[in-house]
Amino acid sequence: MANNHVHTDKELVKQLKKDNIKAFNQLFYAYSSKLYHFSYGYLKSKEDAEELVQDVFSKVWEKRKKLDEEAKFRSYLFTIAFNNIKKHFRAKSILNRYLEQLELKNESSEDLQADYQSLKSLVDQLVDQMPEKRKAVFIKSRYEGKNASEISEEMAISKSTVENHLNQALKYLRKHLTQEYVAGLLFFLLFIQ
C-alpha cells in the first residue's frame, strides 16, 4: 500500500509540473489535514496552522516546475512546513524582544506595534532593493532560518559565496537603517541576531 502511495505521489508531482490543477488538488487533499495537525502541534493556533498550510501549498504551486519527481513529496512538504514554523517563532521572538525594549521607553502598545510594522516594512523594502542573488541568500538565511551550507547546496553556489552575500546584505541594511530610521538600529540588532 505504501509503495502505491509513493507511486501516486510521483505521478501527481509529474502532472503538477505540467500545471495540472487536479493533481495539485489531489496532493492538497492527501496532505493538508496531516500538515495542519503537524503545524497545530507546534503553533497551538488554528488560524496560524491554517495559514501555514496555505503558505506551504502556495509555495508548492510556485515551485511546481522545479519539483523533483523522485524525491518524497511528503518529506518536501513537511520540510517547508517546519522551516515556516521556525520562521514564525523567530519573528514572534524578535517582535517580543523589540516590544520589551520599547516598553522600557513607556510607549503604548499601539505605538510599539505601529513602529515595529513600519520598521519591518522598511527592512522588507531594503531587502527588495538588493541584487537578486543577495536577496535570495538573505531571505533563505534570515526568513527561512537556513544555514550557509543548506543555502549553498540549494542555490548551487559555494559556502563562501553565501557568506559573502550575507555580509554584504547586512552591511547594506546597517547603512540604510541607521540613516533612515532612528529606531532602525535597535530593530537591526534584534533582527539580525
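With (1) modelled with pLDDT under 85; (2) surrounded by 14 or more Cβ atoms within 10 Å (Cβ to Cβ); (3) of a type in the set (D, E, K, R) as the list, and residue 175 as the residue in question, which single condition is left unmet?
Residue 175 satisfies all of (1) modelled with pLDDT under 85; (2) surrounded by 14 or more Cβ atoms within 10 Å (Cβ to Cβ); (3) of a type in the set (D, E, K, R) except (2).
Search region 126-148 for residues that are touching a residue at least 12 places away in the same chain (Cβ under 8 Å) and pair each with any residue that is crowded, with 17+ Cβ neighbours inside 10 Å and not in a helix (DSSP H, G or I) when their beta-carbon atoms are under 8 Å apart and the residues are at least 6 apart or on different chains.
Filtered contacts from region 126-148: 138/130; 140/146.
If I go through region 49-75 residue by residue, how many of them are in contact (Cβ under 8 Å) with a residue 12 or more places away in the chain and among the small types (Gly, Ala, Ser)?
Here the count works out to 1.
Of a type in the set (D, E, K, R), outside any helix (DSSP H, G or I), within 20 Å of residue 63 (Cα to Cα) and modelled with pLDDT of 60 or more: is that true of residue 133 in this structure?
In short, no.
The values are calculated or read from the model by the stated rules, or taken from the named source; none is laboratory data. Remember, predicted model here, so these are calculated numbers, not experimental data. Reconstructed Cβ throughout: ideal geometry from the backbone, glycine too, with neighbour counts over all protein chains shown.
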